[in-house]
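The values are calculated or read from the model by the stated rules, or taken from the named source; none is laboratory data. Not measured: the values here are computed from a predicted model. Every residue, glycine among them, receives a Cβ derived from its backbone with ideal geometry; neighbour counts consider all protein chains shown.
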Amino acid sequence: MKFTCLSKGRGFHFPPCHMLNFCGIRILLDCPLDFSSLMAFSPIPTSLDDLSFEESNNTEKRRKIENLLDVKSLIFAEPWYKTVNKLHLWNASLIDVILISSPMGIMGLPFLTRTKGFSAKIYVTEASSRLSQLMMEDLVSMHAEFRQFYGPEESNFPSWLRQEELEILPSLLKEILLGKDGVELGGWMPLYSAADVKDCMLKINTLNYAQEACYNGTLVIKAFSSGLEIGSCNWILNGPKGDIAYLSSSCFFSAHAMTFDYHSLQKSCALIYSDFSFLSDAQDIEDGDNYSDPTSDLDRSNLNSDENLEEKEKLVFICSCAVESVKDGGSVLIPINRLGTILQLLGEMTTLLEASAMQVPVYIISSVAEELLALLNIIPEWLCKQRQERLFAGEPLFAHVKLLKEKKIHVVPDIHSHQLLKDWQEPCIIFCPHWSLRLGPVVHLLRRWCGDPKSLLILEDLVNPELALLPFKPVAMKVLQCLFPSGIGLQKVQPLLKTLQPKTVLCPEDLRLQMSFSSEKSSSVLYYTEAETLKVPCQNNSSDLKIAADLASQFYWKTFKNEGINITRLKGKLLMENGRHHLHLDNDKRTSLRNSSSLVRCGIPDSDKLLTALSKRGINASMEHGMDDAESQNVCIVHTEDPYKALIEIGNTSTSITTADANIASIIYKAIDDILGGV
């Protein structure tokens, strides 16, 4: 197979993207968007006066402040979105299969599905499909505010993409737009439409966990839970050349999603390790207290709930900070887009508020929030065991169900909703998109409270929080930045690989810099980097053939002792179905060929027996050994004398007769036929 890493991503919201060629089938693994690049743009300006800088200052004036990064350095235009840069170098019409591992891994897919000639089969779990559709619809809804403000674009090539405009940007913004190597400009695209999203969803094939899907009769595809988010998965690909396991970002402990099913990934021919969360892992691999022994049993180590307890304590701390801010008279803004984290914070937040006997309104503002919360009540099969047990006990799956009935949380579609204006009360706690702080309700609310030192902003772990908050400076409100789990911790990598026991592991080059795999003697380890194609040798040198028992019982087997093989002769069709070879014979062919008058000869003629057989027919011959220059193999050459002049060349795989007389060739052929076994 051939494997190419197109992007190693950047955490939960921008998962990795790869291209895989397996059994002649070109497979794209995930198709995300880099939402962190939105920070190069300004949010919707508060008034037209904010655009005066762009309109009134000429290029020379801007050159003087090119090294100063302030709010006026941002791009005041309708944002474009950054796709996986190297993906646009591939012809979308040549992609056969697309596998989506998480809801975030599908956010760039409408850009591909609207491409001319696109015909790939798209596979995604049913839960991820429904969640990602709501996420894309919400994105289109939030982006509509930009189009309403700026109006239609005058051309397909905006001014901020021009070379002269790019050259005068501050270095940080230039790196976002062009990348570190200055070659990522081709990945920018204007956002797709609601119609594009709808068309994309119509082309998707949904799967349940462990459900088989077969592509082209050759490739069998199965998804297994990764534990990271509801519907997130890892993949197993079975083909005639072996099987491949694709390990995306996974989580051993989840309070909402189904448990990480790593047992189903065991003993594969090849394992693609694509969890890059170790790059942001805060734990030091050299710290003896935190590092797990690579020889330890993974199942036993997972019984320790220290990590689960740590995440629980983190949520309690966040909620306690929020409650303290509310007590001081400030509001709390939570622009977090992780569904599982939002659900846990909702439950914990309301519990602390009840314990404090405080009547504080909690708002959820999103165009798809109501539909999303309703969806969570009808997908129990995608949830963790603890949630499913609550269902069987007659309890709500999540705390928000009870809170909605008690009207302790209010769900509204947008910030200008009549219901929100009617029920508005401060201080309050608000959950809303978008974590980039560039679009959605968060922009308006942050402008309202950024000068209030009593209010609190809770952010996810951002690459550059200073840049994220740049449009809202000076910021007087408190900011709490939180790191949530996004995958397998560095200390769990070796125990996991020891448990999975693949024959070959494909690991990121970055992981080699973090730890050594010398102890993994059972697996060969190959390392990959971005934009380089890695060729992986096939580990399975043979294929299985499925034959019905009644058909196999009719075969007449011929044993060749010298070669150590059994051979039978048959005539039929060899088909590929569900990744397996199948043998089909016609009814009139399902008879023994024991009495067949025409035998097929096989094997290598014995040179001494051949000389004897030729002598019986009155042909004198001599023998010599040599080397075949064309195939670099040892051969035995037999020369026959007049009047039967001919040359017989016996190789490892074939025997050839060279003569100018067809009758002589026939006599020699019969001599060889006598000493060879037939089937």
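Condition first: touching a residue at least 60 places away in the same chain (Cβ under 8 Å), part of a helix (DSSP H, G or I) and more than 25 Å from the chain's Cα centre (by Cα). Now tell me which residues in region 462-511 satisfy that. Listed by number, the residues that qualify are Leu467, Ala468, Leu470, Pro471. Criterion first (surrounded by fewer than 17 Cβ atoms within 10 Å (Cβ to Cβ), touching a residue at least 24 places away in the same chain (Cβ under 8 Å) and outside the structural domain of Tyr527 (by TED's automatic domain parsing)) does Gly179 satisfy it? The answer is yes for Gly179. Taken residue by residue, region 265-278 has at least one member that is under 18 Å from the mean Cα position of the chain (by Cα), surrounded by 17 or more Cβ atoms within 10 Å (Cβ to Cβ), modelled with pLDDT under 90 and not in a loop (DSSP other than H, G, I, E, B).
Restricting the search to strands (runs of 3 or more DSSP E) fully inside region 602-664 and requiring at least 1 residues that are under 29 Å from Arg569 (Cα atoms) gives 633-640, 646-650, 655-658. From the set of residues in region 475-526 that are basic (Lys, Arg) and within 30 Å of Cys321 (Cβ to Cβ), which is surrounded by the most Cβ atoms within 10 Å (Cβ to Cβ)? Checked region 475-526; the qualifying residue surrounded by the most Cβ atoms within 10 Å (Cβ to Cβ) is Lys492.
Condition check: assigned by TED's automatic domain parsing to the domain that holds Val326 and more than 36 Å from the chain's Cα centre (by Cα). Does Met349 satisfy that? Criteria not met by Met349.
Of all the listed residues (Gln501, Gln494, Gln514, Gln481), the sole one being at positive phi and polar (S, T, N, Q) is Gln501.
Among residues of region 120-141 that are in the same structural domain as Ala213 (by TED's automatic domain parsing) and surrounded by fewer than 21 Cβ atoms within 10 Å (Cβ to Cβ), those with a Cβ under 8 angstrom from a residue that is in a strand (DSSP E or B) and modelled with pLDDT under 95, sequence gap 6+ or separate chain, pair up as Lys121/Tyr215.
Of the residues making up region 187-242, those that are among the hydrophobic types (A, V, I, L, M, F, W, C) and under 28 Å from Ile488 (Cβ atoms) number 15.
Residues checked against (1) outside the structural domain of Val124 (by TED's automatic domain parsing); (2) modelled with pLDDT under 90; (3) surrounded by fewer than 22 Cβ atoms within 10 Å (Cβ to Cβ):
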{"site": "Glu229", "(1), (2), (3)": "no, no, no"}
{"site": "Gly239", "(1), (2), (3)": "no, yes, no"}
{"site": "Ser249", "(1), (2), (3)": "no, no, no"}
{"site": "Ala255", "(1), (2), (3)": "no, yes, yes"}
{"site": "Ser296", "(1), (2), (3)": "yes, yes, yes"}
{"site": "Ser301", "(1), (2), (3)": "yes, yes, yes"}
{"site": "Val316", "(1), (2), (3)": "yes, no, yes"}
{"site": "Gly330", "(1), (2), (3)": "yes, no, yes"}
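Looking across region 199-234, the residues that are of a type outside the set (Val, Ile, Thr), within 17 Å of the chain's Cα centre (by Cα), at negative phi and part of a loop (DSSP other than H, G, I, E, B) come down to Asn208, Tyr209, Ser226, Leu228, Glu229, Ser232.
Considering region 649-663, the residues that are at pLDDT below 85 and among the hydroxyl-bearing types (Ser, Thr, Tyr) include one that is surrounded by the most Cβ atoms within 10 Å (Cβ to Cβ), namely Ser654. Checked against (1) at pLDDT below 55; (2) in contact with a Gly (Cβ under 7 Å, 6 or more places away or on another chain), Thr59 passes all but a single condition, namely (2). Which pairs do you get when a residue that is within 27 Å of Asn337 (Cβ to Cβ), found in region 88-109, comes within reach of a residue that is among the basic types (Lys, Arg) and buried (at least 19 other Cβ atoms within 10 Å of the Cβ), reach meaning Cβ atoms under 8 angstrom, with the pair 6+ apart or on two chains? Going by the 8 Å Cβ cut-off, the qualifying pairs are Ile98/Lys121. Looking at Ile379, is it touching a residue at least 60 places away in the same chain (Cβ under 8 Å) and surrounded by 14 or more Cβ atoms within 10 Å (Cβ to Cβ)? So Ile379 passes the test. Taking region 393-414 as the range and being under 35 Å from the mean Cα position of the chain (by Cα) and either farther than 18 Å from Thr341 by Cα or assigned to a loop (DSSP other than H, G, I, E, B) (or both) as the test, the residues that pass are Glu395, Pro396, Leu397, Phe398, Val412, Pro413, Asp414.
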